[in-house]
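Report on one structure; see the data block that follows.
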Amino acid sequence: MSNLMEKIVSLCKRRGFIFQSSEIYGGVEGLWDLGPLGALMKQNLRDFWIKRFILEEENIVLIEGTCLMHPKVWEASGHLEHFTDPLVECKNCHFRFRTDHMADGRFIGQGKAKEKNQCPNCGEKEFTPPRMFNLMFKTFLGSVEDKSHQTYLRPETAQSMFTNFQNVLNSTRSKIPFGIAQIGRSFRNEITTGDFTFRSREFDIAEIEYFVEPGQDEKYFEIWLDKWGKFFLDLGLKKENLRRYEHPKESLAHYSKRTVDIEYKFPFGWAELAGVANRTDFDLRQHSKFSGQDLSYYDEAKKRKYYPFVIEPTMGLERAILAILCDAYQEIKGGRTKTTKATKEVEILLKVDKKIAPIKIAVLPLVRNKSELVKKTKEVYQMLKPHFVCQYDELGSIGRRYRRMDEVGTIFCLTCDFQTLEDDTLTIRDRDTMKQERVKIEDLVKVLKEKLEAQKLFVKIRNS
Ligand code: GAP
């Protein structure tokens, strides 16, 4: 793992963004829990996606499908046959891994693998022949564990948007072009996990199935590619850390006519953050065939019936959170202010976008050994709590508390000092500029709302 990645992993644990699942039992590879700050961040990301694509778009509706579906779904979708990765086993240590990861040098530099044809675990060079391994988790519906009760945890959210196509059409009277959107849990039994949360076995996907008239698909593909790219810039990710990757024809998923990934420059290299796929009419046709239900669309304006083509912008939420953390992480050698005692320390600043920042406001008494001041500060905290996601903190010196807040990206630090007790004002310190201004407590809610909304971007001020 790169040095920067190790620092981010450490920050995530120390400050409660991300924990390893079941850590007290030694953890489970590829499973991660979100801590208090990570959960807030993810909620902010969800809110921004919903705001952008459901509330601001005219013709996209949100649904919430189940993680378990009828087993036929996965036959029809092609996942039973195609959702596989090539797996080899080292004959010496029985470590299993993906041949394509070995071929693209994924393991080089990790463990003992110094060459492309070495086992990344023990360095030996003899493997079993590759076999295809299905990534879907099997489970059983009901109490009988036989083949007829077997189904799978969904590896993508898309399928319930196809199986509900007619339900959504009938209940919303949508007309093409229109979209169905969903955020939800997805499960993949990845052979090689790793790079922190980048390749997990359980994660959330946010995706839209946008249904268009055949022949219009290429035009809408471009439109969605632009919208999707803009979304990540508006999340605050740096332009130079984003790029597009056009999948060559031979590596396209079985349903895709064209796929473009939006890649992010992670500390371990460029890798897929999100994607846009042209799924053609594959899924609707397949589900019509397997279910016997007609999932075609009657276009009243054109007086013709057809299977719509589908453009699918998709992203993994945990992967996006990882990109946001990597992008925002800064180390300031010698400290941010020269007045602090700890000028030799490296200070961490998480310059995360304001709408994604988990804590918007910290409320701090200058010192904690003056009860009147502590009481006043707690009153301010109680006053702000219904309006903003805020945190009260009195532990340690004020400089140390500012640093703790910078480290988790808190946007404003409010400090009650001795003057507060005289004239009911306090200071607001801006995370990015470190400028401080004095504001009357009675004006605080208004001033802070204006400041947080000043970017004209959606800022979920309080998660409730
Ligand atoms: N419905 C299309 C689909 O599922 P995908 O590229 O396989 O496409 C969608 O997955 C997104 O989910 C990816 O762009 C990526 O952000 C995220 N993703 C995929 N596999 C993941 C994994 N093992 N761990 C975390 N996120 C993952």
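The values are calculated or read from the model by the stated rules, or taken from the named source; none is laboratory data. What you see is a predicted model, and the numbers here were worked out from it, not measured in a lab. Virtual Cβ from ideal backbone geometry, glycine too; neighbours counted across all protein chains shown. Note: areas computed on protein heavy atoms with side chains; ligands, DNA, RNA excluded. Shrake-Rupley method; radii C 1.70, N 1.55, O 1.52, S 1.80 Å.
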**OP:** Return a whole-number percent for the relative contact order of region 1-65, with Cα pairs under 8 Å and 6 or more residues apart as the contact set.
**Re:** 20
**OP:** Would you pull out the residues with amide H under 5 Å of THR280's amide H, same chain only if 5 or more places away, H placed 1.01 Å from N?
**Re:** LYS257, VAL310
Subject >> Stokes-Einstein D in µm²/s, Kirkwood radius over Cα pairs - region 182-259 at 4 °C with 1.567 mPa s viscosity >> reply: 85
**OP:** Enter the angle in degrees (range 0 to 90, nearest 10) between the Cα long axis of helix 398-407 and the first principal axis of the Cα atoms of the chain, meaning the one along which they spread out most.
**Re:** 10
Original post:
Relative contact order, percent, of the chain when contacts are C-alpha pairs under 8 Å separated by at least 6 residues?
Top reply: 13
**OP:** In whole Hz, with x marking every Gly and Pro, tabulate ³J(HN,Hα) for region 29-42 from phi via Karplus 6.51 cos²θ - 1.76 cosθ + 1.60, θ = phi - 60°.
**Re:** 4, x, 10, 9, 9, 8, x, x, 7, x, 5, 5, 4, 5
**OP:** Would you mind checking which residues have amide H under 5 Å from PHE140's amide H? H placed 1.01 Å from N; only 5 or more apart, or other chain.
**Re:** THR151
Subject >> All Cα pairs of region 290-335, percent lying beyond 15 Å >> reply: 72
Original post:
Mind listing the phi-derived Karplus ³J(HN,Hα) values for region 127-139, rounded to whole Hz, using 6.51, -1.76 and 1.60 with θ = phi - 60°, and x for any glycine or proline?
Top reply: 10, 6, x, x, 10, 7, 10, 7, 8, 7, 7, 7, 8
Original post:
Once phi is turned into ³J(HN,Hα) by the Karplus curve 6.51 cos²θ - 1.76 cosθ + 1.60 with θ = phi - 60°, what whole-Hz value does each residue of region 364-370 show in order, with x for glycine and proline?
Top reply: 10, x, 4, 9, 10, 9, 10
Original post:
Within the P(r) computed for region 116-160, what percentage of the Cα pairs occupies the region above 18 Å?
Top reply: 58
Original post:
Taking a threshold of 26 Å on the Cα-Cα distance, which of the pairs LYS175/LYS239; LYS116/LYS265; LYS42/LYS249; LYS13/LYS91 fall above it?
Top reply: LYS175/LYS239; LYS42/LYS249; LYS13/LYS91
Subject >> Solvent-free Debye scattering, log10 I(q)/I(0), computed from the Cα coordinates of region 275-360 at q = 0.10, 0.11, 0.22, 0.23 Å⁻¹ >> reply: -0.56, -0.60, -1.05, -1.10
**OP:** May I ask for log10 I(q)/I(0) of region 148-207 at q = 0.14, 0.17, 0.20, 0.28 Å⁻¹, from a Debye sum over the Cα atoms as equal point scatterers with solvent left out?
**Re:** -0.55, -0.70, -0.83, -1.15
**OP:** Once you have all Cα-Cα distances for region 375-435, histogram them in 5 Å bins from zero and send the whole-percent values.
**Re:** 4, 17, 27, 28, 19, 5, 0
**OP:** Please report the base-10 log of the normalised intensity I(q)/I(0) for the chain, using a Debye sum with one equal scatterer per alpha carbon and no solvent, at each q in 0.06, 0.10, 0.12 (1/Å).
**Re:** -0.33, -0.85, -1.12
**OP:** From the C-alpha gyration tensor of region 54-188, pull out the three semi-axes of the equivalent ellipsoid (sqrt of 5λ each), sorted largest to smallest, in whole Å.
**Re:** 40, 20, 11
Original post:
Over region 353-464, what per residue volume does the convex hull of the Cα atoms give, in whole Å³?
Top reply: 93
**OP:** Identify the trypsin sites (Lys or Arg not before Pro) of region 118-225 meeting these criteria: DSSP loop state and at most 13 other C-beta atoms within 10 Å of the C-beta.
**Re:** LYS125, ARG173, LYS175
Original post:
Mind checking which lysines have their C-alpha under 21 Å from LYS333, skipping anything on the same chain fewer than 8 residues away?
Top reply: LYS7, LYS341, LYS344, LYS351, LYS435
Original post:
Per residue, how many Å² of accessible area does the chain show with a 1.4 Å probe?
Top reply: 48
**OP:** Over every pair of different alpha-carbon atoms in region 49-90, take the mean of 1/r and invert it; report that Kirkwood radius in Å.
**Re:** 13.9
Subject >> Rounded to 10°, Cα long-axis angle of helix 217-234 versus longest principal axis of the chain >> reply: 20
Original post:
What do you get for Rg/Rh over region 110-236 if you use C-alpha atoms and the Kirkwood form of Rh?
Top reply: 1.09
Original post:
Using only Cα atoms, what is the ratio of the radius of gyration of region 188-308 to 2.2 N^0.38 Å?
Top reply: 1.27
Subject >> 5 angstrom amide H check on TYR392, placed H, neighbours 5+ away >> reply: VAL363
**OP:** Normalising by the residue count of region 75-204, find the relative contact order in percent from Cα pairs under 8 Å and 6+ residues apart.
**Re:** 21
Subject >> Spread of Cα-to-Cα distances over 5 Å intervals beginning at zero, given as percent, for region 1-78 >> reply: 3, 12, 12, 14, 14, 14, 15, 11, 5, 0
Original post:
Using Cα atoms only, what is the angle between the long axis of helix 3-15 and the major principal axis of the chain, expressed in degrees (0 to 90) to the nearest 10?
Top reply: 70
